[in-house]
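Take a look at the structure below.
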Amino acid sequence: MSIADTLDVQDIDLGDLELWEDGPPYAIFARLRREAPVHWSPFASRPDETGFWSITRAADVRQISMDWQTFSSERGGVAVLDDIGIPVEMQRQQMISMDPPRHDRVKALFQKAFTPKRIAEHEAMIRQITRHAIDTLAARGSGDLVSDVGAVVTARVIGSLLGTPENLDSKLIEWANIGLAWDDTDLRKEWGQMGEMLAEAAPILHELISERRSRPSADLLSALAQAEVDGDKFDDVELLMMFGLLLSAGTDSTKSVYTSGMHALIERPEQMEWMAVAPERIPSAVEEILRCFPAFAHFRRTANRDVEMHGETIRAGDKVLLWFVSSNRDETIYEDPERFDVRRPVVEHQAFGAGGRHFCLGAPLARLELKVLFEETISRLHEFELVDKPKRTRGMFLNQFKSLPVRFKSK
């Protein structure tokens, strides 16, 4: 009998990190979908933080995602913690932590650069970066798919789009880890490291921003430095926070899905072979990987008014977590939802959000990167073996491995 069966449903506290040691507690989420689709966790492990409501069914996640007037991204930000090391006033400079109308005006600045057509123009660059990483790994016969492929490829791709130099890539990886992995002391060694990271990044980015303001080029940083919203240009703090959002979304998310997908495929070599013999199957396989392993387990909203849902009263000011690791396995949407199978017919999922204003702007880029990453990995390498137990990033926000050591043969 599992812990999901032994606990009274009201005693489940999803803020207890022991439940997350081996990844998302899928059995608990399945029970919550059945018995308590709107569920309160007291967050007892963090007495300095208030508890939160969990929304676990796909239809409810979508309903809340569409209703920004009731469920705000701006009021408390999108992290479950009120204190992530960045004041909420600064978090609100990021598009992901804005509500309309400012959100819509800022998002419009990015949309032209992130259309599927514009993103497709970068495929040759993405493939070149990926091949270089795979070539380097193949020459050794073993390595870590997180640090040797996922991290280096995604950092160079987003660095190329932003216009940062290649010698800054290792810092981009480090900054993203510090900014997002607040529960993992391997990645954020101490709480104050967030402030140290901002102090280190600010002058470097200030110099880059100043250069783009005086000599703009064809990159995203130039576009942001030159852009205006309501007649005003973004100041350096706003640009720093927007850079941080693009960095985090552009590196951490794609790296996470790629390495989680590779781990699942290594455990199921027949599915990897199914993709290898017909590479045109890879785009549909990517959708199943995204469904099963969304990069972020949840995002937060904050209620603007009292709301009744499934017999529970969510009060104004309450934290509400939209659990994508649960909604993507909703039994009412997917047949045998806990089964990972890249041969599954393509289905919609909520790995990029559940619609509404905050559907992920970078979805076309992520899909293209993942397609190329799996194409190049599977076409060049085979007979993968895990050489040590993979290590997961500690926490209930990032759904990822921080280490995936493998050996393999080159084709």
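None of the figures in this text is laboratory data; all of them are computed from the coordinates on show. Please read these numbers as outputs of a predicted model, since none were measured by experiment. Using ideal geometry, Cβ is built from the backbone for each residue, glycine included, and neighbour counts are taken over all protein chains shown.
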Problem set entry | Segment Glu196-Ala59, extension gain: residue separation times 0.36 nm, minus the distance between their alpha carbons | 45.2 nm
Exercise. Each label point is 7 Å from the Cα along the Cα-to-Cβ direction; what then is the distance between the points at Asp22 and His132, in nm?
Worked result: 4.0 nm
Problem set entry | Alpha-carbon centroid distance for the pair region 1-63 / region 231-278, whole angstrom | 26 Å
For this session: Write down the radius of gyration of region 3-410 and its Dmax, each obtained from C-alpha positions, in Å.
Result: 20.7, 63
Problem set entry | Mean Kyte hydropathy of -0.5 or more with a Cα span along the axis of at least 24 Å, helices from DSSP in the chain | 193-214, 236-267, 363-380
Seminar exercise, completed: CD proxy, 222 nm, the chain: helix-only mean residue ellipticity via -39,500 (n - 2.57) per DSSP H run with n ≥ 4, per residue, nearest 500, stands at -13500 deg cm²/dmol
Seminar exercise, completed: Protection proxy (average C-beta count within 10 Å per residue), highest first, orders 298-309, 370-381 as 370-381, 298-309
Seminar exercise, completed: A student applying the Cα gyration tensor rule (rounded when a/c is under 1.5; otherwise prolate if a/b is larger than b/c, oblate if not) would label region 205-247 rounded
Exercise. To the nearest Å, what is the center-to-center distance of region 171-192 and region 64-100, using C-alpha atoms only?
Worked result: 20 Å
Problem set entry | Net charge, Ala201 excluded, C-beta distance under 13 Å - Lys, Arg +1, Asp, Glu -1 | -4
Exercise. How big is the shadow of the Cα convex hull of region 33-129, averaged over all directions, in nm²?
Worked result: 9.8 nm²
For this session: Give the percent of DSSP beta bridges with both residues in the chain that are antiparallel, rounded to the nearest 5.
Result: 85 percent
Exercise. Can you list the residues, at least 5 places off or on another chain, whose amide H is less than 5 Å from the amide H of Trp323, using H built in the peptide plane?
Worked result: Ile55
Problem set entry | Length released on extending from Arg343 to Val9, taking residue separation times 0.36 nm less the Cα-Cα span | 116.8 nm
Exercise. Ranked from highest to lowest mean number of other Cβ atoms within 10 Å per residue, what is the order of the peptides 280-292, 213-225?
Worked result: 280-292, 213-225
Problem set entry | trypsin sites (Lys or Arg not before Pro) restricted to region 64-150 and DSSP loop, no more than 13 other C-beta within 10 Å | Arg140
For this session: Starting with the highest mean, order 28-36, 324-332, 226-234 by the number of other Cβ atoms within 10 Å, averaged over the residues of each peptide.
Result: 324-332, 28-36, 226-234
